[in-house]
Each structure stands twice: as C-alpha cells, then as structure tokens.
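> Take a look at the following structure, please.
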Amino acid sequence: MTAACECRDVSKWFDGLSVLDHVDLEVPEGAFVTIIGPSGCGKTTLLRAMAGLTGVDAGEIKIGGRTVMGPPEGVAMVFQGSGLMPWKTIYDNVAFGLVVAGRSRREIGQTVPRFIEKVNLTGYERLYPYQVSGGMRQRAGLARALAVDPSVLLMDEPFASVDAQTREVLHDELLTIWERERKSVVFVTHSIDEAIVLSDVVVVMSRRPARVTGLIEVDIPRPRRERTVRGHPRYADIRERCWELLEEARHGDQP
C-alpha cells in the first residue's frame, strides 16, 4: 500500500533538548492512525513537523512522496483549540482556507455550505465562535480543514476540551465523515479509548526523547460507532495491550 506520510529517522532538538529520537513511522493512504504516548513526549511536535510548521534536525518526512520543506500541499491540520478566528463568522472561518488558496467566489459558495452541513452546523453559519458551544467550534475547525480537500488530515487532540458526552457525538460524526471521505488521518490523543474507537492502527511513543515503541492494529470491523466498538470482544484486549506499551514507555523501557 502506498504511504501517504513517511517519517524516516526523524530527530528534533529544542535548545539542546532532544524531543524526537530517530522516529520511523509510515501512514498508509486512506488509513486512520492515532498516536498516543506520555504527556510532553513530543507527539504534537511530530505532528507539526508533518504539517511543515516546524523543521526537523535529522531524518526526513515525506507527504505524498515529497520531502516536507514547509507547509505541503494537500495537508490540513485541526488544532486542539479549534483555531477559529473570533472576528469571523462560522461561515467565514470554514471558508478561510479556500480564500487563502485563491478559490473563486462561486467555488467557495458551493463548497462551504456542503461542509457546514457535513458537520451538522447548518443554521449557525452567521454566528461567531463565541456564540456557539465548544463542540460546535471543533466541528467548524474540522469543516474548515475538510473544505480544502486535503489528502492528509492532521488532528492534534481536537476533542480534548469538550465534555465526555460531546466527545462521543464528535467521534461518531468524525467516523461517518471519514468512512465517506477516506482521508489519510494522523490523530494525536491522550485517550486510549478514543484511539481504539477511531483508528486502524495505534502508534505508541516513548517518553521524551520520543521514538515509536509499538504499533497496535485495531482489528475491529468498520463501519464503527462509539458504543459498538466498546462492546466488541477485541476491545478489552487491545486496550490492555495499549496500556502495557504505555507503561513501558513511561518507564523508559524500549524494545
């Protein structure tokens, strides 16, 4: 299977502090991959490097076979805090990437309502971010990313700031969209349960300096929904394996 994203021997330092240590990771086209690991280990740094928002000091990252030297074409990122501009309406926030890309007014007018509908925000287009809930802001951030039709979608703990019930709803909505769009997704989370519900493969990273210590296949059939995944016979075994690798990662035991 062709790789949508490849990290080869990637290392990164900040002021002499090693953050990423010879990271190797391959994300197949159309796969949903989650990354978990101890807090502060470098998960977000790796994601930002994939997005071309920070450089690497050694190794190479490729998106679609091309070395990442800056923000690459075909990549969109959803941030933990939604990243919406408070002075723009929901509609204008969703349209922002298309405007920056120089798309025509006609194309924007056709595209934006379609993605607003996909994330169930129809009717809220003219409201501002402060006028809607946290979950709705995250939906708008997702719509903005999807509207530019990326081949790779990078998501940095996008649902961390919402309550548990809203998070479950957003999981099901994201799964519905992903099953239809089949984007290649790299999703950073601290939640093992979230990782299992959403992904094809869970990547476990060690404590800083981070490296990949394990890959766990989530062999639970799709299509999925939150409640059905948690009730699947394989769920408990996969969850236990994730915990085992995380405990090894926290104590610095690497294979």
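FYI, it's all coordinate maths here, none of it is from the lab. Keep in mind that what you see is a predicted model, and the values were worked out from it rather than measured. Because the Cβ atoms are built from the backbone with ideal geometry, glycine has one as well, and the counts that use them run over all protein chains shown.
> Would you please state which residues of region 203-230 a label at ARG241 would reach in this model, taking the label point 7 Å out along Cα→Cβ and a backbone N cut-off of under 18 Å?
Inside the label zone: 203-206, 212-222, 229-230.
> Considering just Cα atoms, how many Å³ per residue does the convex hull of region 90-200 enclose?
Hull volume normalised by residue count: 101 Å³.
> Follow-up question, since we're still on this one. Report the residue, chosen from THR54, THR213, THR228, that carries the largest GNM mean-square fluctuation when the chain is represented by alpha-carbon nodes joined by springs under 10 Å.
In the Gaussian network model the winner is THR228.
> So how much slack lies between MET69 and ASP172, counting 0.36 nm per residue of separation and subtracting their Cα-Cα distance, in nm?
Once the chain is fully extended between MET69 and ASP172, it gains 33.6 nm.
> Placing +1 at every Lys and Arg Cβ and -1 at every Asp and Glu Cβ, with all other atoms neutral, what dipole size does region 18-64 have around its Cα centre, in debye to the nearest 20?
220
> Among 214-227, 139-152, 190-203, 71-84, what's the highest-first ranking by average C-beta atoms within 10 angstrom per residue?
With the highest mean Cβ count within 10 Å placed first, the list reads 139-152, 190-203, 71-84, 214-227.
> Can you give me the Cα centroid spacing of region 38-64 and region 164-224 in angstrom?
18
> Take the alpha carbon gyration tensor of region 1-114, find the square roots of its eigenvalues, order them as a ≥ b ≥ c, and report rounded if a/c is under 1.5; if not, report prolate when a/b exceeds b/c, else oblate.
Taking the square roots of the gyration eigenvalues as a ≥ b ≥ c, region 1-114 is prolate.
> Please say if region 157-223 is rounded, prolate or oblate, where rounded means a/c under 1.5 for a ≥ b ≥ c the square roots of the C-alpha gyration tensor eigenvalues, and otherwise the choice is prolate for a/b larger than b/c and oblate otherwise?
Oblate shape, in that a/c is at least 1.5 and b/c is the bigger or equal ratio.
> Given the Cα atoms of region 213-255, and with Rh set as the inverse mean 1/r over their pairs in the Kirkwood sense, what is Rg to Rh to two decimals? The partial results should precede the final answer.
Numbers: Rg = 12.4 Å, Rh = 11.6 Å.
On the Cα set of region 213-255, Rg over Rh gives 1.08.
> With the cut-off at 19 Å, tell me which of the pairs LYS12/LYS62; LYS12/LYS183; LYS118/LYS183 have Cα atoms farther apart than that.
LYS12/LYS183
> Amide H neighbours of GLY59 under 5 Å, at least 5 residues apart or on other chains, H built in the peptide plane: list them.
The answer is SER11.
> For mean projected area of the Cα convex hull in nm², several values are listed as [x] 16.6; [y] 12.6; [z] 13.9; flag the one computed from this structure.
[z]
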